[in-house]
1. Hey, can you tell me all the residues within the range 3-40 that are of a type outside the set (A, V, I, L, M, F, W, C) and within 14 Å of SER54 (Cα to Cα)?
2. Within the range 31-42, is there a residue that is in a strand (DSSP E or B) and aliphatic (A, V, I, L, M)?
3. Please name all residue pairs, on different chains or six or more residues apart, with Cβ atoms under 6 Å, provided the first residue is in the range 29-51 and is closer than 16 Å to MET1 by Cα and of a type outside the set (Asp, Glu) and the second residue is open to solvent by 60 Å² or more (accessible area, probe 1.4 Å) and not in a helix (DSSP H, G or I).
4. Do you know which of the residues in the range 28-44 that are under 9 Å from GLY58 (Cα atoms), at pLDDT below 90 and among the hydrophobic types (A, V, I, L, M, F, W, C) is surrounded by the most Cβ atoms within 10 Å (Cβ to Cβ)?
Amino acid sequence: MADPTGIEVTDLAMAHAEARRAIEELLQEDPALEHDLIGWSLVVADAAGKSLLSLPIGGSVQSDLASGLTSCLN
């Protein structure tokens, strides 16, 4: 489901940090979601809808966020 509002960031590193923060907040609100969302990802896109990066939500997210980062810039 796309976020119709989104947020504006200045670069990809800031987008990654904001996406990670959003995932951490989601899981802090309901830790049981981590198991329920295995296989789901948060996709960061630009204003045109082009995917820039994807971070896993479920599974071992807390320890694997950095290593699970997938760049779609290629």
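The values are calculated or read from the model by the stated rules, or taken from the named source; none is laboratory data. Please read all numbers here as calculations on a predicted model, not as lab measurements. No Cβ is skipped: glycine too gets one built from the backbone with ideal geometry, and neighbour counts run over all protein chains shown. Just so you know, the surface numbers come from the protein's heavy atoms only, side chains and all, with ligands and any DNA or RNA stripped out. Shrake-Rupley method; radii C 1.70, N 1.55, O 1.52, S 1.80 Å.
1. Hits for the range 3-40 are HIS16, GLU18, ARG20, ARG21, GLY39.
2. yes
3. Between residues of the range 29-51 that are closer than 16 Å to MET1 by Cα and of a type outside the set (Asp, Glu) and residues that are open to solvent by 60 Å² or more (accessible area, probe 1.4 Å) and not in a helix (DSSP H, G or I), the close pairs are SER51/VAL43.
4. Ranking the candidates gives LEU37 first.
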